[in-house]
1. Of the residues in segment 78-114, how many are modelled with pLDDT under 95 and hydroxyl-bearing (Ser, Thr, Tyr)?
2. Scan segment 106-134 residue by residue and report those that are over 19 Å from TYR147 (Cα atoms) and free of Cβ contacts under 8 Å to residues at least 60 places away in the same chain.
3. Looking at segment 112-142, which of its residues are farther than 17 Å from ALA213 by Cα and charged (D, E, K, R)?
4. What pairs come out if I take residues in segment 48-64 that are closer than 18 Å to ILE120 by Cα and pair them with residues that are among the acidic types (Asp, Glu) whose C-beta lies under 6 Å away, six or more apart or interchain?
5. Kindly indicate whether any position in segment 70-77 is closer than 27 Å to ALA197 by Cα, loosely packed, with under 13 Cβ neighbours inside 10 Å, of a type in the set (Lys, Arg) and in contact (Cβ under 8 Å) with a residue 24 or more places away in the chain.
6. When TYR142 is evaluated against the numbered criteria (1) surrounded by 17 or more Cβ atoms within 10 Å (Cβ to Cβ); (2) outside any loop (DSSP other than H, G, I, E, B), which criterion, by number, is the only one it fails?
7. In segment 191-236, which residue that is assigned to a loop (DSSP other than H, G, I, E, B) and of a type in the set (Asp, Glu) is modelled with the highest pLDDT?
8. Can you confirm whether GLY117 is surrounded by 14 or more Cβ atoms within 10 Å (Cβ to Cβ) and at pLDDT below 95?
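The values are calculated or read from the model by the stated rules, or taken from the named source; none is laboratory data. Predicted model, so just to flag it, every value in this text is computed and none were measured. Reconstructed Cβ throughout: ideal geometry from the backbone, glycine too, with neighbour counts over all protein chains shown.
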Amino acid sequence: LALAAAALAGSSRVLSGPATPRPAATAPSPPLELALPTQPAPKPIIPARTVQEALAYDRSERAILEDVRDRDGQLDSLALSVLLRRAAMLPAGPAALAEADRPNVKNLWREPGRYRGRLIRIEGAFIHQQDWSRYASPTSYYAGPVYMVHLRELATGEFRPLIVMLPYPPPERIAQGRRIRLAGLFYKLVTLPEDPATGGDPAKTHEYPVIIARDLGLRGWVPSSTMPTPVLLLVGLVVLLLVVFVFIWRRAARVRRRGPEYKPLRFEAGPVEGNGAEQAGDVDERLVREVQAYRRESGRTGEGTDADCRDHCR
């Protein structure tokens, strides 16, 4: 009986096929690299030789910039990545500053869309800086560090605040109020609350123009000048020569106005005081004898005395 029961059980398993496995209570976890969202590799940043080459936006970049909206609170966007990449491509030094437009700063508030993506020149006083990399989302256009600098514009005299964003780190220590002149790409006009780190009130909001620059222009060159060093040396030499010439000319003019002055010789004897009798010894005796001889020869002997002759010979 036992053998028969075992045989029947085996035959039933053969007829019914393999046992169906039970379903799992949870789905298996994917590998870690599949669980995270993947980002395409960012485009390479190749330094451009000219400003025109750095600002050669393609069709997709122009479309991204056209979708930007002003006066909202959004700062991190795909357009920010586009401009950060283009700013990093700008040539270093004063070349960008020399070719940048110089708009009326008030127009950045009035017509922000007019300057979107254009290279403009800004002058401001330094307030504050911070590393903004943790707030910026990596994209296919840019995935590097981002730095934020707060300036106060100086052109209008109203000292309105500006935001400058950089792909390269600014100097670690910048004096408060230092004048900075830079060239950057205009991004947008953003509405943000005041920063408590700079003593602001978070309950108050302001409209800030945002400029994307390569750097602050403080490394290796003087922002206030766009002339090369040899030209600066030549200009300095010319100015120095002009100063020396003016100094000499003024001294000469002062001497001419004063007029000539009589200066006696150092050892010149003064006039001899006394009457004519005391100065009689100054008459040349030889000359007296010659005069007397001349009178005798001319038949005038006896006319006049020796004293008269001496008087004539003085």
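1. 0
2. LYS106, ASN107, ARG110, GLU111, GLY113, ARG114
3. ARG114, ARG134
4. Going by the 6 Å Cβ cut-off, the qualifying pairs are VAL51/GLU99.
5. The answer is yes, given that some residue of segment 70-77 is closer than 27 Å to ALA197 by Cα, loosely packed, with under 13 Cβ neighbours inside 10 Å, of a type in the set (Lys, Arg) and in contact (Cβ under 8 Å) with a residue 24 or more places away in the chain.
6. Among (1) surrounded by 17 or more Cβ atoms within 10 Å (Cβ to Cβ); (2) outside any loop (DSSP other than H, G, I, E, B), TYR142 violates only (2).
7. Of everything passing the filter in segment 191-236, ASP215 is modelled with the highest pLDDT.
8. no
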